[in-house]
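Input: a single structure, listed below in structure tokens.
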Amino acid sequence: MTTAVPLIYSFPEFSGVAEAVADHIVAAQNHALYGDYNRKKSLSDTNIASQFSGAAESMRLTKSVSEHHSASGNGTNTSSSSREQRKKKKEENRRFRIGLSGGSLINVLREGLLKRQDVEWSKWDVYFADERLVPFDSPESNYGKAKSQIFDNIPPEKGYPNIFPIEENLLNDPQECADTYEKTLIKGFASKDSVKLPMFDLILLGCAPDGHVASLFPNHETLRESYAWCAPVLNAPSGPPTRITLTVPVICHSHRVMFVVEGATKAPVISTIMERPDKGLPASIINEKAAGRIAWFVDDDAVKDVVGITKKRYKFLVHSE
Ligand SMILES: O=C(O)[C@H](O)[C@@H](O)[C@H](O)[C@H](O)COP(=O)(O)O
């Protein structure tokens, strides 16, 4: 195994984790929707111009601004105006595609995201990185928890995301449930013939004390699944025994992957993940295979046993309003 050094952002308090996680998510949202972390900056011509130092860039910008003006001005340049309209339409239809896990991650998201003004909920497509096969009203349901804790609390004027839960009538058939969820993904991410793997903008993961990530458990056969996008899990060693999970190739194909882990109970597993990748814990496998696109958001307690890692100071990417 090669050693990949992941970005680790550590904070003294839960609220610090929640605030930084929310900033990172909004930055990913803005990047997916507008091609820029900071949407405000990208919408202002003056600000854009000042970001580029080269004369060529200034000329390019001046040209595109004047083209825009002539297109929208007297209507003589119809082809460029319809090009503009197509571009605008395409931009308007862009979606932010995110995969959520369950557990304490949901509390972090509730704390961090609900107070922000710049979450464009109506442009989110929310999928689940894993789901426990329990009724939606069970406290064990990842969808149920995310809905009651986060989505039901979004003020109506902020819009509502498209949410893609599992089929609740397939709880007794894990294989069918996983296959059906895979079809949901295929519908959302184009047909399997045209894309080998779905590419999420962001997948959010927690990590349990036993090292499981999404519902990929240590030494479990689902870890080796290399074809399916979504796999059934039978006999899970902790929590509800039947589940479905996104597979390692799908998680590692995501544009970005964030781990969110807090608490001293996680310290031993975090030290194994960081210091003994040879143990092959699911989180180490993902750390390795998605190297370069992974960031860890942790509290100081969770990383207290790890020696020799460089904790980074988190630099906020999105300017607050
Ligand atoms: O359904 C699941 O089991 C979760 O998606 C799982 O992967 C979760 O993220 C970890 O168990 C961490 O959970 P905690 O943060 O609550 O410890």
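Give the residue, chosen from V213, V269, V257, that is within 24 Å of K187 (Cα to Cα) and assigned by TED's automatic domain parsing to the domain that holds L105.
Just a single option satisfies the conditions, and that option is V257.
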I want to confirm something. Restricting to the stretch 76-127 and keeping residues that are open to solvent by 40 Å² or more (accessible area, probe 1.4 Å) and within 15 Å of the ligand (Cβ to nearest atom), which single residue is farthest from H31 (Cα to Cα)?
S104
Could you tell me whether any residue of the stretch 128-140 is away from the ligand (no atom under 16 Å from the Cβ), open to solvent by 40 Å² or more (accessible area, probe 1.4 Å) and touching an Asp or Glu at 6+ places or on another chain (Cβ under 8 Å)?
no
Determine which member of the set I48, I25 is modelled with pLDDT of 95 or more, part of a helix (DSSP H, G or I) and of a type in the set (V, I, T).
I25
Output the number of the condition that I166 fails; it satisfies all remaining conditions of (1) of a type outside the set (S, T, N, Q); (2) in contact with a Cys (Cβ under 7 Å, 6 or more places away or on another chain); (3) assigned to a helix (DSSP H, G or I).
(3)
For G263, only one of the following conditions fails: (1) on the phi < 0 side of the Ramachandran plot; (2) within 22 Å of the chain's Cα centre (by Cα). What is its number?
(1)
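Can you go through T310, T245 and tell me which one is closer than 22 Å to F164 by Cα and either at pLDDT below 95 or in contact with an Asp or Glu (Cβ under 6 Å, 6 or more places away or on another chain) (or both)? Step through it out loud before you land on a result.
Numbers: T310 fails: closer than 22 Å to F164 by Cα.
Result: T245 is the single residue among T310, T245 that is closer than 22 Å to F164 by Cα and either at pLDDT below 95 or in contact with an Asp or Glu (Cβ under 6 Å, 6 or more places away or on another chain) (or both).
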Close pairs (8 angstrom Cβ cut-off, 6 or more residues apart or separate chains): farther than 14 Å from Q117 by Cα in the stretch 140-159, open to solvent by less than 30 Å² (accessible area, probe 1.4 Å) and of a type in the set (D, E) anywhere:
S141/E131; N142/D130; N142/E131; Y143/E131
Pairs with Cβ under 7 Å, 6+ apart, first in the stretch 165-184 and closer than 17 Å to K196 by Cα, second of a type in the set (A, V, I, L, M)
Y181/I166; Y181/I244; E182/A228
Within the stretch 213-235, residues within 13 Å of the ligand (Cβ to nearest atom) and either farther than 19 Å from S141 by Cβ or out of contact with any His (no Cβ under 8 Å at 6 or more places or on another chain) (or both) come out as V213, A214, S215, L216, F217, P218, H220, T222
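The values are calculated or read from the model by the stated rules, or taken from the named source; none is laboratory data. Remember, predicted model here, so these are calculated numbers, not experimental data. Ideal geometry is used to build each Cβ from the backbone, glycine not excepted, and the neighbour counts take in all protein chains shown. The protein model used for the area step is the full one, side chains on, heavy atoms only, and it has no ligands, DNA or RNA in it. Shrake-Rupley method; radii C 1.70, N 1.55, O 1.52, S 1.80 Å.
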